[in-house]
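Worksheet: one structure, shown below.
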Amino acid sequence: AVRFANGRLRRPDSLRFTAYRNRDTAHPRKKHRRILVSETERLSYVGHNFGSEVMKCNSLCRYFVGVLDKNSGQMEVYNAEIFNMQPLLSGGMCRVSQLLCCFVLLIPALFPWHGRPWLWKEQWVLCSLGCTGYFNVRSSPLQMDLCIEAFGTSKQKRALSSRRMNAVGNDIVSTAVTKAAANVIDAKGVTALMQDMAQDDVQNISSFLPPCHKDADRPEHVYRFEDILSPAEYEALRVPAAALASITAEEMAKRVEERSHCSFVLEELKFLPTDERSRDHKARCLWFLDTLIKFSHLKVIKKKHPMGPECPHIISRKLMKNFTSLTYNDGSIQNLISASMKAKITAYAIALALHINNFQTDLTVLQNDMKLPESRILDIAKALRLRVSKAKGVPGLENDQNHKLGTLSLPLPVQKAPEGQRKRKKMN
């Protein structure tokens, strides 16, 4: 039994069918494979009972064909399969020849390609009539469009017309953009455009840095402390930082063993000032820096207070507002620490570390604490207009012989855009 994908036939009696079965009769699955071929005055049709495009109804139901003997009045019933006949357009003969090369003829009938020697080659090879590949009606956009024009529904034809109009529109836009770009290059020149691009890169970097007062007369005024911690936020740190300010030698040894703080903070706690006011100030800065570094290790913020109940509410709100980006996922809005937000956290951490260490800080220790590659933290340090030099680290720390030291000094060096990813060397 057959059905035609493009509608009903006007004269079904004029059709002649040719059926083929697979040569491999010993294979338990291949021996049931069949190909049915038919030809009309306008088109040729091909249907088969295997592959991804086969109709599912054959596996879900059983079909029968009854043949009535008019003389005896008895009917004989035979098993049947339904074949979905697809139109075969020009170019599709190559694919059919590949399929038929492993099948043998079951029912002799008229078939336009039967008997031609180029159809009967070794299995799964292409024909030799200048063809570069086999054709599948469903995989060729051009042939599919022809099918839609001939047999498609109104909705499909409207979609085809819209897609063609969009293609024309895209070509017009592409031509206009190319022409406009050529005019801009001719008017300004390549050198001026490169300078504009570098300036744009610098401005994009600056949006993730603390406010920079490049006309300052002292290093502490370049990145003002009030731009990192407002007076209200600084006051809120008094209670949680009191434990650091009053830390004893025994507690310090325990925290070093437990690694309850980052390496930078643990090292600086060993050198707290004896003056009570200075000691309290440094303890507050170290507590916020430790919180900032721990916050950078998070990915998606799912809790209302991600840094725990001991973190003041104003500090939690500052972290969520200034160092996360909103994203929509699984039907809800979430706070995400993206790569750009982590760069912003790193910039603020470096600026705070400069205030803690008299405007000279060990970038390698911060890099290890924040789990960043060296090139990344150096790019951020240069964007902050620090002078980077090599120095020996504190004995006992990781890679203590090759540390990078960042210094903020006046006059500030010229700001440059980060080099980004290094180019790979060409291999001969």
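The values are calculated or read from the model by the stated rules, or taken from the named source; none is laboratory data. Keep in mind the model is a prediction, meaning the values are calculated, not measured. Counting neighbours? That spans all protein chains shown, and the Cβs are built from the backbone with ideal geometry, glycine included. Side chains are part of the model used for accessible areas, which takes the heavy atoms of the whole protein and leaves out ligands, DNA and RNA. Shrake-Rupley method; radii C 1.70, N 1.55, O 1.52, S 1.80 Å.
Accessible surface comparison of C212, C285, probe 1.4 Å, protein chains only, largest first: the order is C212, C285.
For segment 254-314, the number of Lys pairs separated by eight or more positions or lying on different chains, with C-alpha atoms closer than 23 Å, is 9. Taking Lys and Arg as +1 and Asp and Glu as -1, the other residues whose beta-carbon sits under 14 Å from that of F225 total -1.
Label positions at S72 and S52, each projected 7 Å from the Cα along the C-beta direction, are separated by 4.7 nm.
What you get for segment 2-88, charging only the Cβ of Lys and Arg (+1) and of Asp and Glu (-1), is a dipole of about 220 debye around the Cα centre. Ligands, DNA and RNA are left out, and with a 1.4 angstrom probe the accessible area of segment 2-88 is 73 Å² per residue. Once the Cα-Cα distance is subtracted from the 0.36 nm per residue extended length, the R158 to L326 segment shows a gain of 56.6 nm.
Simple spin-label estimate for E220 and M252 gives 2.4 nm between the two label positions (7 Å along the Cα-to-Cβ direction from each Cα). Set the bar at 23 Å for Cα to Cα. Now go through K321/K344; K344/K392; K371/K392 and name every pair that lies beyond it. Distance filter (> 23 Å) returns K344/K392. What separates the Cα centres of segment 252-272 and segment 289-322 is a distance of 20 Å. Measuring only protein heavy atoms, the 1.4 Å probe finds E276 accessible over about 150 Å². The 1.4 Å probe gives accessible areas that order S14, S409, largest first, as S14, S409.
Sum up the charges of everything whose Cβ sits under 12 Å from the Cβ of Y20, counting Lys and Arg as +1 and Asp and Glu as -1, but leave Y20 out. With Lys, Arg at +1 and Asp, Glu at -1, the net is +4.
A straight chain from A167 to S389 at 0.36 nm per residue would run longer than the Cα-Cα distance by 74.4 nm. According to the calculation over all Cα-Cα pairs in segment 213-260, the P(r) per 10 Å bin from zero is 22, 28, 27, 20, 3 %.
Summary of packing: across the peptides 351-359, 238-246, 27-35, 159-167, the per-residue average of other C-beta atoms within 10 Å ranks them, highest first, as 351-359, 238-246, 27-35, 159-167.
If you bin all the Cα-Cα distances of segment 2-88 at 10 Å, starting from zero, the percentages per bin are 14, 39, 34, 12, 0.
With R₀ set to 45 Å, the beta-carbon distance separating L410 from E310 gives a calculated FRET efficiency near 0.70. Phi-derived couplings, Karplus 6.51 cos²θ - 1.76 cosθ + 1.60 at θ = phi - 60°, listed residue by residue for segment 270-284: 6, 10, 5, x, 7, 5, 4, 5, 5, 5, 5, 4, 5, 5, 5 Hz, with x used for Gly and Pro.
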